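A short write-up of the structure that comes next.
The values are calculated or read from the model by the stated rules, or taken from the named source; none is laboratory data. Nothing here was measured: the structure is a model prediction, and the numbers come from that model. Cβ: placed from backbone, ideal geometry, glycine included. Neighbour counts: every protein chain shown. The protein model used for the area step is the full one, side chains on, heavy atoms only, and it has no ligands, DNA or RNA in it. Shrake-Rupley method; radii C 1.70, N 1.55, O 1.52, S 1.80 Å.
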Amino acid sequence: MSRDDHRPETARALVESVEGVPVLVRDRHLTVVASNALARALSPGFVEGTNLARYTFVDSAGYAGAACWDVLAGQVAAMLRESLDHHHEDAPFRHLVGELSATSATFSAAWADEKAPARQGVARFLGTPVGDVTLAYREEWIDDTQADALMMLAGVDAESEARLARLASIVANGRIAE
């Protein structure tokens, strides 16, 4: 078996071993390869198999215009653009960019922007089971191929830490269906 054959299982084991903070692994096309239960409870965009770019520009387009969404949308487009710079263009990549360009004027504008993605920042999650939550995120490449990235999130202040802890308690008690 090749390294890629074991990738999803390895990523899943990594994220499931982390408790108390939302963690996910995404691939070069911004598709979630693995996520822990807390990440999935925080956002439907963090469910395994979800493409973060499609989720941002198509599935969550109703949030467009909210300051937190506009910043995040620019970040997601920059992450996708950076991926193209590091990896050869392939059919899934062309299909994704074509689909998003055809269905989202916001994506087209963000795609044309030349901003580099931030490896860390702040994101606001709206409508979670514990209300709106502002979290800091940090993303690191898993290895030097830059094919998969690990993202971890944490509270930015006492209120967001308390909400995240409350969400973790809800998840631990099985009160959120997966």
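See the values below:
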quantity	calculated
Between region 114-155 and region 7-58, the alpha-carbon center distance in angstrom	11
Of all accessible heavy-atom area on region 66-160, the percent that carbon and sulfur account for (1.4 Å)	58
Region 113-178: trypsin sites (Lys or Arg not before Pro) in DSSP coil with no more than 13 other Cβ atoms inside 10 Å	K115, R119, R175
Cα-centre dipole for region 19-178 with unit charges at Cβ (Lys and Arg positive, Asp and Glu negative), debye to 20	440
Residue-averaged [θ]222 nm for the chain, counting only DSSP H segments that reach four residues, each worth -39500 (n - 2.57)	-13500 deg cm²/dmol
Of [x] 15.2, 47; [y] 48.2, 151; [z] 15.9, 46, the label for Rg and Dmax of the Cα atoms in Å derived from the coordinates	[z]
Low-density loop positions, GluC sites (Glu not before Pro), region 65-168 - DSSP coil, at most 16 other Cβ in 10 Å	E89, E114
